[in-house]
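Laboratory data are not the source of any read-out in this text; all were calculated from the coordinates shown. Model, not experiment: these values are computed from the prediction. Here the Cβ positions follow ideal geometry from the backbone for every residue, glycine too, while neighbour counts run over all protein chains shown.
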Amino acid sequence: MALTATIYNLIIELADVDRGVYETLDLRVARQPSEAAEYMLMRILAYCLEYTEGIAFTQGVAAGDEPAVLVRDLTGKLTAWIEVGLPDAERLHRGSKQAGRAAVYTHRDVGQLLGQLAGKKIYQAEAIPIYAFDRRFVDELAGLLERRTSLSLSVTERELYVSIGARTLSSAIVEHHIE
């Protein structure tokens with residue numbers, strides 16, 4: 001019998017001071033059986049940090065040729081391709097070309113990612129931001145997520161603060177670019 005995805009119900013109070021975005025998000029996130037908690041958390045963070053009209057989750061690790069998160073305009077045209085983890089150059093090339101804008105959110109070794117992408121054919125590679133987070137922050141926060149979780153997420157001056165219950169964790173959002 002095939003395993004099914006586990007659904008996480010999240011209420012997120014989003015206050016992105018850097019972008020002027022203030023929203024209460026009521027999210028249902030499907031975590032595939034083969035998906036690590038850290039990967040799912042990065043999908044959630046990418047969604048929140050990219051939040052705009054038309055944003056949507058895909059099926060995560062089961063999405064195949066789609067990114068972890070995407071944005072479509074009112075006509076259905078793809079406008080942003082958001083990857084998580086360690087995407088390969090071909091996926092970034094295809095996504096950047098299709099959407100015109102791509103970004104990567106990673107909890108992995110950013111040096112390894114930049115090394116694997118360096119010198120590869122990627123459409124508008126220099127314009128693709130790669131956002132990295134402290135690994136301990138990601139591990140600890142992923143461990144706090146339950147199937148029903150309420151949290152607040154604040155961003156100010158590229159510093160991310162997340163509060164769950166009595167716990168508050170923080171991490172710098174470090175931006176890198178492909179060379």
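Some points to look at:
- Dipole orientation for the chain: of the candidates 89, 124, 168, 89 has the Cα lying most toward the positive pole (charges on Cβ; Lys, Arg +1; Asp, Glu -1).
- Relative contact order (%) - the stretch 6-177, alpha-carbon pairs under 8 angstrom, separation at least six: 22
- Taking amide hydrogens as placed 1.01 Å from N in the peptide plane, the amide H of residue 160 sits under 5 Å from those of 171, 172, 173, each at least 5 positions away in sequence or on another chain.
- Count Lys and Arg as plus one, Asp and Glu as minus one, and take only other residues whose Cβ is under 15 Å from that of residue 11; the net charge is then -1.
- Taking only the Cα atoms of the chain, the radius of gyration and Dmax are 15.7, 48 Å.
- Cα centre as origin, Lys/Arg/Asp/Glu Cβ charges: the chain dipole, Debye: 420
- Length-normalised contact order of the stretch 126-179 in % [C-alpha pairs under 8 Å, at least 6 apart]: 47
- Considering every alpha-carbon pair of the stretch 1-95, the percent of pairs per 5 Å bin, from zero through the bin containing the longest distance, is 3, 12, 22, 24, 20, 13, 5, 1, 0, 0.
- Percentage, to the nearest whole number, of Cα pairs in the stretch 117-179 over 17 Å apart: 52
- J(HN,Hα) series, the stretch 162-175, from Karplus relation 6.51 cos²θ - 1.76 cosθ + 1.60, nearest Hz, glycine and proline x: 10, 10, 10, x, 8, 9, 10, 10, 9, 7, 6, 9, 9, 9
- Cβ-defined net charge surrounding residue 135, 13 Å radius [Lys, Arg +1; Asp, Glu -1]: -3
- Sorted peptide list for 99-106, 150-157, criterion being average Cβ within 10 angstrom, highest first: 99-106, 150-157
- Dipole axis of the chain (+1 Lys, Arg; -1 Asp, Glu on Cβ), positive-most option in 15, 177, 76: 76
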